[in-house]
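Beneath this line is the structure, given in structure tokens, with notes to follow.
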Amino acid sequence: MKILVTNDDGIDAPGLWALAAELTKVGEVIVCAPHQEQSGVGTAITLRRLVCFAEVKSAIPEAIAYAVEGTPADSVLLALEIMKDISVVFSGINRGLNLGSDVLLSGTVGAALQGYLRGLPSIALSVVRAEETNFQAASRLAGLLASRIAAGPSEKMLLNINLPNLQLDMIRGIEVTRVGSGGYGGAIKIERDEGRYSYRIKIGQVKWDAEEGTDINAVENGSISITPLLGTLSAAERVPLLDGSVSLLFRQLIS
Ligand code: MN
């Protein structure tokens, strides 16, 4: 089985290589990742300019590695073009959680999304950011999931996995969760310097709604959160603005 490993923290990030090293026990690993950090770029792909890439020295001898001067999603698109027989995409291990509405901003998830859109099982992994981030639980879990994927029929899926930064024996369990609400990006600070304005999004000030059953709640309680994403992009709730009035809207439109 050929396994693509990518991330949004960049080709030199330790979480990427912890993941790649573990996955070489299960299959043939190709690492293809942005040449520098791309956290927060979400699902972005590069249009209207050339994207340079190069084979680089792999930190583990069993894998080949490419660094891409583009986004995480670019890296996946490129890797799937170079190697048409990739069976599964792993993205991470991100240093920092991707929970709640941050799922939409996450380059880690954005990379995995490209695999999912091409019908592959695709898995994003993130760990609580800490001075010393522990990648052991996440990489072992990735190895186990890769083995399951290798053993079964290939299934299109997109899993967003978040882990507490704990030793294996301190983790309470694994929960299958839904996406909670809240995330970064709420507070911005505007500055003025020599007549120019600038702003900075304050990170680290996260407002979570840690309702039971959510990804946020699981990680706060010391468990691993696995959230299956997508299936459909359409909203489950009805939109009152459109209730019973689209025929009227259409008549107004064409009158
Ligand atoms: Mn990141």
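The values are calculated or read from the model by the stated rules, or taken from the named source; none is laboratory data. Values in this document were obtained by computation on a predicted structure and should not be read as measured data. In this analysis, Cβ positions are derived from the backbone assuming ideal geometry, glycine residues included, and neighbour counts consider all displayed protein chains. Surface accessibility is based on the protein's heavy atoms, side chains included, excluding ligands, DNA and RNA. Shrake-Rupley method; radii C 1.70, N 1.55, O 1.52, S 1.80 Å.
Taking the range 103-119 as the search range and keeping residues that are away from the ligand (no atom under 15 Å from the Cβ) and part of a helix (DSSP H, G or I), which one is surrounded by the fewest Cβ atoms within 10 Å (Cβ to Cβ)?
Step one: list which residues in the range 103-119 are away from the ligand (no atom under 15 Å from the Cβ), which gives 114-119.
Now narrow it down to the ones that are part of a helix (DSSP H, G or I): 114-117.
Values: Gln114: 26, Gly115: 29, Tyr116: 21, Leu117: 16.
The selected residue is Leu117.
Answer yes if at least one residue in the range 40-63 is in contact with a strand residue (DSSP E or B) (Cβ under 7 Å, 6 or more places away or on another chain) and within 16 Å of Phe90 (Cα to Cα), and no otherwise.
Yes, some residue in the range 40-63 is in contact with a strand residue (DSSP E or B) (Cβ under 7 Å, 6 or more places away or on another chain) and within 16 Å of Phe90 (Cα to Cα).
Can you tell me which residue is nearest to the chain's Cα centre (by Cα) among those in the range 43-80 that are open to solvent by 10 Å² or more (accessible area, probe 1.4 Å) and among the polar types (S, T, N, Q)?
So, considering only residues that are open to solvent by 10 Å² or more (accessible area, probe 1.4 Å) and among the polar types (S, T, N, Q), the one nearest to the chain's Cα centre (by Cα) is Thr43.
On the basis of being free of Cβ contacts under 8 Å to residues at least 40 places away in the same chain, open to solvent by less than 80 Å² (accessible area, probe 1.4 Å), over 30 Å from Glu132 (Cα atoms) and not in a helix (DSSP H, G or I), does Ser198 make the cut? First the steps, then the outcome.
Numbers: free of Cβ contacts under 8 Å to residues at least 40 places away in the same chain: yes; open to solvent by less than 80 Å² (accessible area, probe 1.4 Å): yes; over 30 Å from Glu132 (Cα atoms): yes; not in a helix (DSSP H, G or I): yes.
In short, yes.
All but one of (1) within 16 Å of the ligand (Cβ to nearest atom); (2) not aliphatic (A, V, I, L, M); (3) not in a loop (DSSP other than H, G, I, E, B) hold for Asp12, so report the exception by its number.
(3)
Which members of the range 25-42 meet the condition of being under 12 Å from Glu62 (Cα atoms) and open to solvent by 40 Å² or more (accessible area, probe 1.4 Å)? Before the answer, list the steps.
Residues of the range 25-42 that are under 12 Å from Glu62 (Cα atoms), as a first pass: 25-31.
If the condition is that a residue be under 12 Å from Glu62 (Cα atoms) and open to solvent by 40 Å² or more (accessible area, probe 1.4 Å), then Lys25, Val26, Glu28 are the ones that fit.
So, in the range 210-235, exactly how many residues are open to solvent by 90 Å² or more (accessible area, probe 1.4 Å) and within 17 Å of Gly100 (Cβ to Cβ)?
Summing the residues that are open to solvent by 90 Å² or more (accessible area, probe 1.4 Å) and within 17 Å of Gly100 (Cβ to Cβ) in the range 210-235 gives 3.
Please name all residue pairs, on different chains or six or more residues apart, with Cβ atoms under 6 Å, provided the first residue is in the range 91-109 and is within 17 Å of Ile224 (Cα to Cα) and the second residue is more than 7 Å from the ligand (Cβ to nearest atom) and among the charged types (D, E, K, R).
Arg95/Arg129; Gly96/Arg129; Leu99/Asp215
Results for (1) charged (D, E, K, R); (2) under 16 Å from Leu23 (Cβ atoms), shown as yes or no for each residue.
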| position | (1), (2) |
| --- | --- |
| Lys84 | yes, no |
| Arg95 | yes, no |
| Gly110 | no, no |
| Tyr116 | no, no |
| Gly119 | no, no |
| Ser122 | no, yes |
| Phe135 | no, yes |
| Ala142 | no, yes |
| Asp169 | yes, no |
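Starting from residues that are touching a Ser or Thr at 6+ places or on another chain (Cβ under 9 Å) and not β-branched (Val, Ile, Thr), keep the ones in the range 78-93 and report whichever is farthest from Asn7 (Cα to Cα). Step through it out loud before you land on a result.
Step one: of the range 78-93, the residues touching a Ser or Thr at 6+ places or on another chain (Cβ under 9 Å) are 79, 87-93.
With the extra rule that they be not β-branched (Val, Ile, Thr), the set shrinks to 79, 87, 90-92.
Numbers: Ala79: 13, Ser87: 17, Phe90: 8, Ser91: 5, Gly92: 5 Å.
Checked the range 78-93; the qualifying residue farthest from Asn7 (Cα to Cα) is Ser87.
Quick check on my filter: what residues within the range 81-98 are in a loop (DSSP other than H, G, I, E, B), over 10 Å from the mean Cα position of the chain (by Cα) and within 16 Å of the ligand (Cβ to nearest atom)? I'd like the intermediate steps shown before the answer.
Here is the first cut: in the range 81-98, the residues in a loop (DSSP other than H, G, I, E, B) are 83-85, 96-98.
Now drop any that are not over 10 Å from the mean Cα position of the chain (by Cα), which leaves 83-85, 96.
The one that is in a loop (DSSP other than H, G, I, E, B), over 10 Å from the mean Cα position of the chain (by Cα) and within 16 Å of the ligand (Cβ to nearest atom): Gly96.
Rundown of residues vs (1) basic (Lys, Arg); (2) away from the ligand (no atom under 16 Å from the Cβ); (3) within 29 Å of Ile203 (Cβ to Cβ); (4) without any contact (Cβ under 8 Å) to a residue 40 or more places away in the chain, yes/no style:
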position: Met1; (1), (2), (3), (4): no, yes, no, no
position: Asn7; (1), (2), (3), (4): no, no, yes, no
position: Leu16; (1), (2), (3), (4): no, no, yes, no
position: Val29; (1), (2), (3), (4): no, yes, no, yes
position: His35; (1), (2), (3), (4): no, no, yes, yes
position: Ser39; (1), (2), (3), (4): no, no, yes, no
position: Val51; (1), (2), (3), (4): no, yes, yes, yes
position: Val56; (1), (2), (3), (4): no, yes, yes, no
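Please state which one of Ile45, Ile60 is part of a loop (DSSP other than H, G, I, E, B) and under 15 Å from Val5 (Cβ atoms).
On the way: Ile45 fails: under 15 Å from Val5 (Cβ atoms).
Answer to the selection: Ile60.
I'd like the residue in the range 120-143 that is at pLDDT 95 or above, of a type outside the set (A, V, I, L, M) and more than 21 Å from Asn221 (Cβ to Cβ) and, out of all such residues, is surrounded by the most Cβ atoms within 10 Å (Cβ to Cβ).
Taking the candidates together, the pick is Ser122.
Taking the range 82-95 on its own, how many of its residues are crowded, with 24+ Cβ neighbours inside 10 Å and of a type outside the set (A, V, I, L, M, F, W, C)?
Number of matching residues: 3.
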